[in-house]
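Reading through the structure tokens given below for one structure.
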Amino acid sequence: MARHMLVEFPLLAALGAALAQVLPFDLKPVDRYGLTGWTFASLVAAFWMIPAALDAALGSAGMNAVKYASLVAAGFAVRAAMRRSPPALEAFFVGNFAWMAATVGLIYQEAESRLCLNYLADSQQRAGRGLVVAAVAVLVAWFALRARTLQSSFG
């Protein structure tokens, strides 16, 4: 579970982000300020944090393909959105992801029983701890990435 959520998911999203850098496909007509891209990525992240979705991806090749495609598309959408979105919009969605990941991580750690049928309880615990760490890391990384922009915005 930890490997899926903390290694595979970010790598798939990073692949999508890399594709957004090299492909000439422009989302600007449907994503003027990046709102569509950030919203799509948030919905994808929220869906794949649901234990039943993880179980479904393990139990079905079709659902696993949907997982791959949606996470790559989410990475593409966020990278494309970051070109246009104002810092306040980015802060909202990055903060939203961080609290969502931290909350799910705490739930995974505190659950008295397994939430995913295909993973052991200790794997659930590791995923929970990792999600909390990832939540903090995402916030720090975003602030580091946008430090210059934020500094010029505030003075």
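The values are calculated or read from the model by the stated rules, or taken from the named source; none is laboratory data. None of the values given here were measured: they were computed from a predicted structure. With ideal geometry, Cβ positions are generated from the backbone for all residues, glycine too; neighbour counts draw on all protein chains shown. For the accessible areas, the whole protein counts, side chains as well, though only heavy atoms, and no ligand, DNA or RNA atoms are used. Shrake-Rupley method; radii C 1.70, N 1.55, O 1.52, S 1.80 Å.
A few comments on the model shown:
- Probing with 1.4 Å while keeping every protein chain in the model, the per residue accessible area of the chain equals 56 Å².
- Whether segment 57-155 is rounded, prolate or oblate, judged on the alpha carbon gyration tensor where a/c under 1.5 counts as rounded: oblate
- Efficiency of FRET between residue 21 and residue 91 - r from beta-carbon atoms, R0 25 angstrom, step 0.05: 0.65
- Inter-label distance, residue 64 to residue 14: 2.2 nm, where each label sits 7 Å from its Cα along the C-beta direction.
- Range in the chain, longest, excluding exposed trypsin sites (Lys or Arg not before Pro) [loop by DSSP; at most 14 other beta-carbon atoms within 10 Å]: 84-155
- Candidate residues 76, 25, 97: accessible-area rank, largest first, probe 1.4 Å: 25, 97, 76
- Taking the Cα centre of the chain as origin and assigning +1 to Lys and Arg Cβ atoms and -1 to Asp and Glu Cβ atoms, the resulting dipole is close to 460 debye.
- Just checking the listed ones, 16, 128, 62: in the Gaussian network model of the chain with Cα springs under 10 Å, the one fluctuating most is 62.
- Candidates 23, 89, 43, ranked by Gaussian network fluctuation over the chain, Cα under 10 Å, top entry: 23
- GNM top mover of 88, 102, 20 - the chain, alpha-carbon springs below 10 Å: 88
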